[in-house]
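The values are calculated or read from the model by the stated rules, or taken from the named source; none is laboratory data. Only a predicted model underlies this, so the values are computations on that prediction, with no experimental measurement involved. Here the Cβ is made from the backbone with ideal geometry for all residues, glycine too, and neighbour counts use every protein chain on show.
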Amino acid sequence: MAIVVYHHPFSRAANVVWMLEELEVPYELRYVDLMAGQQKSPEILALNPMGKLPIVVDGDAVVTESAAVALYLADRYAYGRLAPRVDDPARATYLRWSLFAPSVIEPGAMAKAAGWTYREGQAGWGSYDAMLKTMEHAIADRDYLLGSEFSMADVIFGGTVRYMIGFKMIEPRATLAAYAERLAARPALKRADARNAAVVEERGLRR
């Protein structure tokens, strides 16, 4: 049975396509018309009361939140390959950077863009400069977050880096830009980008 992804190419569901291409498992994209507010329909709210994407249905399992989707899929379909085993010390690094993306990079970049004023000690993402330095630290002197081995953490963390650089939400510092270029060269990401682009063309979408 194919995994079902409730999808729109301008949402975080686009990154789920990359996850699934890395896993090389069958999946179906089920288009959700965000412009028409379909994400707030009873069908979608029954799966995710937040009324947002991505939503992944895998048999009886329903998973939302992009990082959770990635961790679930890697453990289920690539455990020991794209997800370090629980007795592997690399699992700690894997989880650390997987959760850093949604809990620090996303709100930190949004705070910077919106000019929010706050005390650094009261915000979980700290300062913008510390965030960027930490991101550089995560991939300094290595190809991927775990060293030479690519993992699902790179899809979560790296997908966020690519998006933020692409929309000028973070500075394209040399270390981060080079990392994004390495990721862009991956065949699975190229296939995912093409799949998302095909939906954009098919639906006549414009940003």
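Here are some notes:
- Here is the figure for the stretch 16-54: residues that are assigned to a loop (DSSP other than H, G, I, E, B), at negative phi and among the charged types (D, E, K, R) total 2.
- The set of residues in the stretch 85-131 being under 29 Å from Ser11 (Cβ atoms), assigned to a helix (DSSP H, G or I) and polar (S, T, N, Q) consists of Thr93, Ser98, Ser103.
- Residue check, Glu43 within 29 Å of Arg207 (Cβ to Cβ) and either in contact with a strand residue (DSSP E or B) (Cβ under 6 Å, 6 or more places away or on another chain) or surrounded by fewer than 20 Cβ atoms within 10 Å (Cβ to Cβ) (or both): yes
- When the stretch 167-199 is filtered for residues that are among the β-branched types (Val, Ile, Thr), closer than 28 Å to Ala114 by Cβ and assigned to a helix (DSSP H, G or I), only Thr175 remains.
- Members of the stretch 132-166 that are among the small types (Gly, Ala, Ser) and not in a helix (DSSP H, G or I): Ala140, Gly147, Ser148, Ser151
- The residues on offer are Arg142, Arg182, Arg162, Arg173, and the sole one that is assigned by TED's automatic domain parsing to the domain that holds Ala101, closer than 17 Å to Pro102 by Cβ and of a type in the set (D, E, K, R) is Arg162.
- One residue from Ala67, Ala74, Ala109 being within 17 Å of the chain's Cα centre (by Cα), outside the structural domain of Val199 (by TED's automatic domain parsing) and touching a residue at least 24 places away in the same chain (Cβ under 8 Å): Ala109
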